Amino acid sequence: MSRPSAKQRILDAALETIHGRGYNATSVQDIATAAGAPKGSFYNHFASKEALCLEILDLYRERERAILGILEEKGSPARERLIRHFAALTEVNKGGLERGCLIGNL
């Protein structure tokens, strides 16, 4: 398996750091440090912290797609989709909800 690119490492680190601390409590340096990348690498891939946040929202949506996608499935009754959706949410959140919602943390 190949090593993630610097951009991907920064995205992953930003998602985890901002999700845990919130937007205002996370600096570009915090993100770069968490990614194991120099601060200059951040600006090589992103024009600003705000631009990065737009991309991590896409990444967050993609990662949550499996759960959210249950609601959009065609061919099964709405009630069944809701039951499966909440069962998946329960499974994902077994460890607790300390970090809250990324969107709320932004």
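The values are calculated or read from the model by the stated rules, or taken from the named source; none is laboratory data. Just so you know, these numbers come straight off a predicted model, no measurement behind them. When we count neighbours, we look across all protein chains shown, and the Cβ atoms used for this are built from the backbone with ideal geometry, even at glycine. Keep in mind that these areas ignore ligands, DNA and RNA; they rest on the heavy atoms of the full protein, side chains included. Shrake-Rupley method; radii C 1.70, N 1.55, O 1.52, S 1.80 Å.
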Write down the accessible area per residue of the chain in Å², having rolled a 1.4 Å probe over the full set of protein chains.
64
For Rg and Dmax of the Cα atoms in Å, the choices are (i) 16.2, 50; (ii) 13.6, 42; (iii) 14.8, 54; which was calculated from the structure?
(i)
Apportionment of accessible area to carbon and sulfur, the chain, percent (1.4 Å):
55
Of the GluC sites (Glu not before Pro) in the range 8-106, those whose Cβ has at most 10 other Cβ within 10 Å and which sit in DSSP loop:
Glu98
Considering only Leu82, Leu15, Leu52, give the residue with the highest GNM mean-square fluctuation for the chain, with springs between Cα atoms whenever their separation is below 10 Å.
Leu82
Computed helical MRE - 222 nm, the chain, DSSP H runs ≥ 4 contributing -39500 (n - 2.57), nearest 500
-22000 deg cm²/dmol
Extension reserve of the Leu82-Asp58 stretch, reckoned as 0.36 nm per residue once the Cα distance is removed
6.3 nm
For the chain, take the longest principal axis of its alpha carbons; what is the angle in degrees between that and the long axis of helix 49-72, to the nearest 10 within 0 to 90?
20
Using only alpha carbon pairs under 8 Å that are at least six residues apart, calculate the relative contact order of the range 1-91 and give it in whole percent.
24
Kindly express, to the nearest 10 degrees and within the range 0 to 90, the angle between helix 6-21's C-alpha long axis and the longest C-alpha principal axis of the chain.
70
Sites removed, the longest contiguous part of the chain containing no DSSP-loop trypsin sites (Lys or Arg not before Pro) with at most 10 other Cβ within 10 Å is 1-73
